[in-house]
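Novice: Below is the structure I would like to discuss, written out as structure tokens.
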Amino acid sequence: MDKKYYIANWKSNKTSDEAVNFLKVLQENIDRVNFDKKEVIIAPPFTLLEKCKNIIDANSLPIKLSSQDVSPFPKGAYTGEVNAQQIKEFASYVIIGHSERRRYFNENERIISNKVGEAVESGLDVIQCVQDENDKVEEHVSLVAYEPPSAIGSGNPDSPEHIAEVFNHISDIYPKVKLLYGGSVNEKNINTFLNIKNLSGFLIGGASLNADSFITLLNG
Ligand code: PGA
């Protein structure tokens, strides 16, 4: 079996001090963490990418970075946006199309498609979120995270059986993508998902905010 992805989506959480502390705890416990066949990725807010990268590099931590979003435009006069080239300086991955972006920021297929185009052109690996098996997966996307909105932050994850069904549908149409599950995954329930056919990892929100929980989850 290939390696599994564990992606910590910090969303709009953590100050600089809190991020430093998280990485400090992770570093202090690094021997407790089983990194075997795992790609561990942290997706902090844009403001913390550089700081996290500096700490990861200085301590040779086996962790990659992702942004949580990207501008649908190249560099230029787009006030407030952070473009793919800027992200690439610090991160290897980008999350695109999270349902919170669709819900609160009116993101639609066209915007998602432009974002994927920008990210791919800059050499970022795209983690595209889909809400169900009917969402279109963009070309050149390598990782697809199935995240049913009702499971996000609710404490009610989707059932392993239903996740497997959705994965089957998606892999029928997009045989090359790696499939992740996200939605109320935590250190207590992660074991129940590990045997799902075609599962390549997890997108983890709430349970990734506390370093101890995250370490326990990684060892799950
Ligand atoms: P959750 O969030 O783990 O807090 O449910 C997952 C996500 O939205 O990526």
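Please treat every number below as a calculation from the coordinates, not as lab data. Because the structure is predicted, anything quoted here is derived from the model rather than measured. When we count neighbours, we look across all protein chains shown, and the Cβ atoms used for this are built from the backbone with ideal geometry, even at glycine.
Novice: Considering only residues that are of a type in the set (D, E, K, R) and closer than 15 Å to residue 215 by Cβ, which ones fall in the stretch 1-29?
Specialist: Step one: of the stretch 1-29, the residues of a type in the set (D, E, K, R) are 2-4, 11, 14, 17-18, 24, 28.
Correct list: 24, 28.
Novice: Now, a different point. Tell me the residue from 168, 198, 219 that is more than 23 Å from residue 101 (Cβ to Cβ), in contact (Cβ under 8 Å) with a residue 40 or more places away in the chain and away from the ligand (no atom under 16 Å from the Cβ), please. Break it down into steps so the answer makes sense when it comes.
Specialist: Details: 168 fails: in contact (Cβ under 8 Å) with a residue 40 or more places away in the chain; 198 fails: in contact (Cβ under 8 Å) with a residue 40 or more places away in the chain.
Result of the check over 168, 198, 219: 219.
Novice: While we're here: When you scan the stretch 118-130, do you find a residue that is under 29 Å from residue 14 (Cβ atoms), among the small types (Gly, Ala, Ser) and either surrounded by fewer than 20 Cβ atoms within 10 Å (Cβ to Cβ) or within 11 Å of the ligand (Cβ to nearest atom) (or both), even just one?
Specialist: yes
Novice: If you don't mind, there's one more thing I want to ask. What are the pairs with Cβ atoms under 6 angstrom where one residue, in the stretch 84-109, is acidic (Asp, Glu) and the other, located anywhere, is within 11 Å of the ligand (Cβ to nearest atom)? Sequence gap at least six, or different chains.
Specialist: 107/101
Novice: Out of everything in the stretch 113-128 that is of a type in the set (A, V, I, L, M) and assigned to a helix (DSSP H, G or I), what residue ends up being nearest to residue 180 (Cα to Cα)?
Specialist: Kept after step one, since they are of a type in the set (A, V, I, L, M), are these residues of the stretch 113-128: 116, 119-120, 124, 126-127.
Adding the requirement that they be assigned to a helix (DSSP H, G or I) leaves 116, 119-120.
On the way: 116: 18, 119: 19, 120: 19 Å.
Of everything passing the filter in the stretch 113-128, 116 is nearest to residue 180 (Cα to Cα).
Novice: Could you list all residues from the stretch 171-189 that are surrounded by fewer than 22 Cβ atoms within 10 Å (Cβ to Cβ) and either near the ligand (Cβ under 8 Å from one of its atoms) or among the hydroxyl-bearing types (Ser, Thr, Tyr) (or both)?
Specialist: Within the stretch 171-189, 171, 174, 184, 186 qualify.
Novice: Scanning for something more than 16 Å from the ligand (Cβ to nearest atom) and closer than 15 Å to residue 93 by Cβ, does the stretch 14-32 turn up at least one residue?
Specialist: Taking every residue of the stretch 14-32 in turn, none turns out to be more than 16 Å from the ligand (Cβ to nearest atom) and closer than 15 Å to residue 93 by Cβ.
Novice: Related question: Out of 64, 51, report the one residue that is out of contact with any Phe, Trp or Tyr (no Cβ under 7 Å at 6 or more places or on another chain), surrounded by 14 or more Cβ atoms within 10 Å (Cβ to Cβ) and farther than 13 Å from residue 208 by Cβ.
Specialist: Values: 64 fails: out of contact with any Phe, Trp or Tyr (no Cβ under 7 Å at 6 or more places or on another chain).
Only one candidate qualifies: 51.
Novice: Just for the stretch 131-165: of the residues that are within 11 Å of the ligand (Cβ to nearest atom), more than 16 Å from the chain's Cα centre (by Cα) and of a type outside the set (D, E, K, R), which one is surrounded by the most Cβ atoms within 10 Å (Cβ to Cβ)?
Specialist: So the residue we want is 157.
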